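Just so you know, all these numbers are worked out from the coordinates, no wet-lab data involved. Nothing here was measured: the structure is a model prediction, and the numbers come from that model. Don't worry about glycine lacking a Cβ; one is built from the backbone with ideal geometry, like all the others, and counts go over all protein chains shown.
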Amino acid sequence: MNPSKKSLRIPVLGMVLLFFISSTYAQTKQLKRPKSKVGIYSVDNFVTQSFNLYDKVYKYDGYAASGTPLDDNDIDVLEDALDDLSGLSDSAPDILSDIDGANVLKQAKATLQINKAKKALSYSIKTAKELLLGQRERDEKEEESDNSSTSDEKSNSSSESSNQNGKTEEANSNISDNLEVISKFDYVPGDKLLFFDDFSQDFIGDLPSKWNTNGSGAIVKLNKVEGNWFELKAGYRLYVIPDISELPQDYTIEFDVLTSGITKQTSSGARLHIVLSDTNTFTNGKMHYTSVSLPLGQYGAFNIQAFNYFDGKAGMINSSLTADIRDEVKNQPHIAISVTKKRYRLWVNEVKYVDIPRFIEKLDVLNYLKFHVYGLKDGEERVFIKNLKVAEGGVDLRRELLSKGKVSTNGILFDSGSAKIKSQSYGIIRQISQVLMQDNSIKLNIIGHTDSDGSDTANLKLSKERANAVKEALIKVYKIAENRLHTDGKGETQPVNDNTTANGKAQNRRVEFVKI
């Protein structure tokens, strides 16, 4: 023990003894250590060390509850444990980066155990400090918090058990915990909008005006979700094709999916096919195409399938890619696709399931996008899409911000009428954070813009709130200093395109970053 600790020990011990003589306190119910390992060394080591220290602190907290005073050795152990706890807590963000590249199940299990270890660390640091200062007190509010922790622990235990059985359940956690994982999400949408349709300009019951099909389909409204949705009818060789006639070499595709009536009785062959083709006819393609299909069935974990066809014959890729997206299929997933020359990547929500470096075997031949649904029971099982966005890529926002001093993007998306950032937007926010990390002297003004829907006053307020939300994400997720970020909102006053079309509105809803 160092001299400073010895000098503090006597007065601290006196306070502790006085505290224990005068009062007894109820102890928090013990958190359970995870029974199984994740299989990632740094994660397993972090969890083990966290709970080893937690067990020590919990023991001394038990002494407090029973009125047993701490001796000199106990004080030494607690002081050493507090030093170790602080260092271990500081290492938590680095541990999260180590789960990148693991499979989805292992990532989910690792995140769950890290969150449990962080909860144990939080309790340990707080309790150790209170015990050393003789201030280990609990009021009614803390008792309620302790009970809540017990409930969370039961929920986490249930989730972990479910994970071990091969199906990932959503763990109870704080929103800020999840943001640590979102901060690694690397999808960045294209910067030049080529096509956007949210079907807001179409009449209910009609086929959307900017699409073609050889079957049927209609715009519908649904009771639990906002806006208009396009129902895709299932059938053999039935396609729906948006009015896109020329895709560049680098671009992104995004859309939302909604399902109805999908159950464990849904066929294992029920799939949503996303086709890139050399023709706008109602076939996969003439000489060249790619197809990636998402499984819709629920009674098993069916794989995502990827297939390519070039120069009139099957290409090199015919893959079944491990995926369990059953929960996502029933909970309005967001699909994001990035094509960079020959490379093809696909995300479902924040998880990347497809990353094939040479999927596009021949450049400049796939100019059309098609959707095809197959294997559903007519009238019972239904699939809808919304918010199709195709954008050309190629501009690195980081370089543009450094070279020009400002950058504007409509790739940061928010819930309708809200300042809540959609998770698929974090790839762009991450790029902005990298500029700020590279040069600590840079300060930014973040400016929000809206379309013209709603009143001038409401749009001005919303634009300012959205700019502030981006600022908060940079601070909380990417640890950028608050004094380097300023915000402003312009509402609908500075449009860059026509507010009477869906395409124009999408471009007007944007966020600007300007170097100060």
Counting only DSSP beta bridges fully inside segment 338-491, the antiparallel percentage to nearest 5 is 60
Relative contact order of segment 411-472 (C-alpha contacts under 8 Å, at least 6 apart) in percent is 35
Of the listed pairs 224/342; 370/505; 422/461; 404/479; 341/370, those with alpha carbons more than 30 Å apart are 224/342
Summing +1 per Lys or Arg and -1 per Asp or Glu among the other residues with Cβ less than 15 Å from residue 203's Cβ gives -3
In nm, the gap between the two label points placed 7 Å beyond Cα toward Cβ at residue 465 and residue 314 is 5.4
Ordering 235-242, 260-267, 383-390 by per-residue average of other C-beta atoms within 10 angstrom, highest first, gives 383-390, 235-242, 260-267
Taking the alpha-carbon centre of each part, the distance from segment 426-443 to segment 333-354 in Å is 23
Rounded to one decimal in nm, the spacing of the 7 Å Cα→Cβ label points at residue 287 and residue 105 is 4.4
Residues whose modelled amide H sits under 5 Å from the amide H of residue 218, counting only those 5 or more places away in sequence or on another chain, are 231
Scattering profile of segment 337-377 from the Debye formula, Cα beads only, expressed as log10 I(q)/I(0) at q = 0.15, 0.25 Å⁻¹, is -0.49, -0.94
Taking the alpha-carbon centre of each part, the distance from segment 367-421 to segment 286-327 in Å is 21
Taking every alpha carbon pair in segment 419-516 and sorting the distances into 10 angstrom bins from 0 up to the bin holding the longest one, the percent per bin comes out as 16, 46, 29, 8, 0
With label points set 7 Å from each Cα along the Cα-to-Cβ direction at residue 32 and residue 445, the distance between them in nm comes to 5.6
So the FRET efficiency between residue 403 and residue 486, C-beta based with R0 = 22 Å and rounded to 0.05, is 0.55
